[in-house]
1. State whether one or more residues within region 211-218 are farther than 23 Å from VAL113 by Cα, of a type outside the set (Asp, Glu) and surrounded by fewer than 16 Cβ atoms within 10 Å (Cβ to Cβ).
2. Touching a Phe, Trp or Tyr at 6+ places or on another chain (Cβ under 6 Å) and either within 15 Å of SER286 (Cα to Cα) or surrounded by 18 or more Cβ atoms within 10 Å (Cβ to Cβ) (or both): does that describe VAL14?
3. Mind listing whichever residues of region 39-59 are touching a Phe, Trp or Tyr at 6+ places or on another chain (Cβ under 8 Å), more than 24 Å from ARG92 (Cβ to Cβ) and surrounded by fewer than 21 Cβ atoms within 10 Å (Cβ to Cβ)?
4. Got a sec? Which of LEU360, LEU353 is within 13 Å of the ligand (Cβ to nearest atom), in a loop (DSSP other than H, G, I, E, B) and not small (Gly, Ala, Ser)?
5. Could you say whether any residue in region 331-341 is surrounded by fewer than 21 Cβ atoms within 10 Å (Cβ to Cβ), outside any helix (DSSP H, G or I) and within 16 Å of the ligand (Cβ to nearest atom)?
6. Going by the conditions given, is VAL315 outside any loop (DSSP other than H, G, I, E, B), closer than 30 Å to MET75 by Cα, within 14 Å of the ligand (Cβ to nearest atom) and out of contact with any Cys (no Cβ under 9 Å at 6 or more places or on another chain)?
7. Please state which one of LEU273, LEU314, LEU255 is touching a helix residue (DSSP H, G or I) at 6+ places or on another chain (Cβ under 7 Å) and either at pLDDT 95 or above or surrounded by 17 or more Cβ atoms within 10 Å (Cβ to Cβ) (or both).
8. Looking only at helices (runs of 4 or more DSSP H) that lie completely in region 1-81, which have at least 3 residues being within 21 Å of the chain's Cα centre (by Cα)?
Amino acid sequence: MSLPLFNPFDPRYVADPHTYYARLRQTAPVQRAVLPDGQAVWLLTRYADVEAVFTDPRMVKDPRSACSPEQLARMPIRPESTRYARTNMLSRDPPDHTRLRRLVSKAFTPRMVEQLRPRVQAIADALLDAVADRGEMDVIDEYAFPLPITVIAEMLGIPAADRDQFREWSDAILTAIPPQPATPEAVAALEGLARYLGDRFEDRRRAPAEDLITGLVQAEEAGDKLSKDELQGMAYVLLVAGYETTANLIGSGVLALLEHPDQLARLRADPALMPSAVEELLRFTSPVKTSTVRYAAADVSVADVVIPKGEMVLVIITAANRDPARFPSPDTLDITRPDNKHLAFGHGIHYCLGAPLARLEGEIAFGTLLRRLPDLRLGVAGETLTWRPSFGLRGLAKLPVRF
Ligand code: HEM
């Protein structure tokens, strides 16, 4: 029997993944399907299964430790096959994963991140200063993207003038995150970014500064075993993992609030609800990272289905976050939702390193927008908004607003 096609670029799916996942979760929660490039994949849509796979050490990141040579040979060439995209923590398993994560984890603890609050606030204010007199803006291009890229670029120590170039590279790279096939543009962007980061590491070797790239160079010089590819892979993952995801949280979160005026009014009336609102927006919009990939390094039973060794698994975070078995009324936005243990940041050893930073950026982005633009409203009819086609991320192409 032929496998059903899972095409994340189907316009109906792009417009509304939730209806598709709800049906799958009900009828076939552990479903084998085929991607547009012919690769077979398992789709997991239930919270309990997704949570279990995230903590199962037999579900690994690196296909080379899970798949047979024949299985590897059948895989389409993908951007992660370029050396340095493969050498970052997100695509590694222990012990390499543990070693790489430890090198930067200190910079991302809630305490360290809290120190960034004044700077993040100043960036948000400056972005709104630039549009305040105009009465309208595109939230995506003028707020949601520039905020996180500025923050992470400053943390790394990347010159402000180069940030537009980053967005171009990042856009091209993200059109091809695994398991999408690598387009020539994506490979060129990966190579461009790798060369650029390589030069920044050389700069910092010559002239140390107070930034993460210097910290990584010094860790390497102090004897931590960090290859050149790993150094660049680290900067790459920090840039790419933390940028479009946070932009999507801001963009989709603003839309969700504008489409739920009761929730928006509640939040305006009681700004102390902001941390809880951010958690609910993370769950409700699953801005990420709609899904993430694992490979079965052994035959693994999920619910009552055996996923054979070497097969690829798509862990669908968006679907888990709307599972009625875990979240009462999952399709309702409730900024006071209790016990909101969503999986928007993943779970287990790869749990988002940047979660404290993303939460801070979300709180400041929403809080500043609501405080400074009291009569914020959609600039176009909601139905005309379009989502950027993407394999594993979900974000609006534009979000025009008036104020
Ligand atoms: C990992 C989501 C922001 C850095 C992850 C994972 C998810 C995620 C789901 C786990 C993926 C997996 O298990 O395969 C998000 C969301 C964000 C966000 C929804 C914003 C709303 C950030 C930021 C940074 C960051 C701001 C840093 C600057 C990372 C890194 C990893 C990661 C380095 C890999 C961790 C590891 O492999 O141990 N993120 N992320 N993320 N994220 Fe985030």
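The values are calculated or read from the model by the stated rules, or taken from the named source; none is laboratory data. Keep in mind the model is a prediction, meaning the values are calculated, not measured. Note that each Cβ is placed from the backbone with ideal geometry, even for glycine, and that neighbours are counted across all protein chains shown.
1. The answer is no; no qualifying residue exists.
2. yes
3. Result: no residue meets the conditions.
4. Going through LEU360, LEU353 in turn, the sole match is LEU353.
5. Within region 331-341, one or more residues are surrounded by fewer than 21 Cβ atoms within 10 Å (Cβ to Cβ), outside any helix (DSSP H, G or I) and within 16 Å of the ligand (Cβ to nearest atom).
6. Yes.
7. Just a single option satisfies the conditions, and that option is LEU273.
8. Hits in region 1-81: 11-15, 17-27, 47-54.
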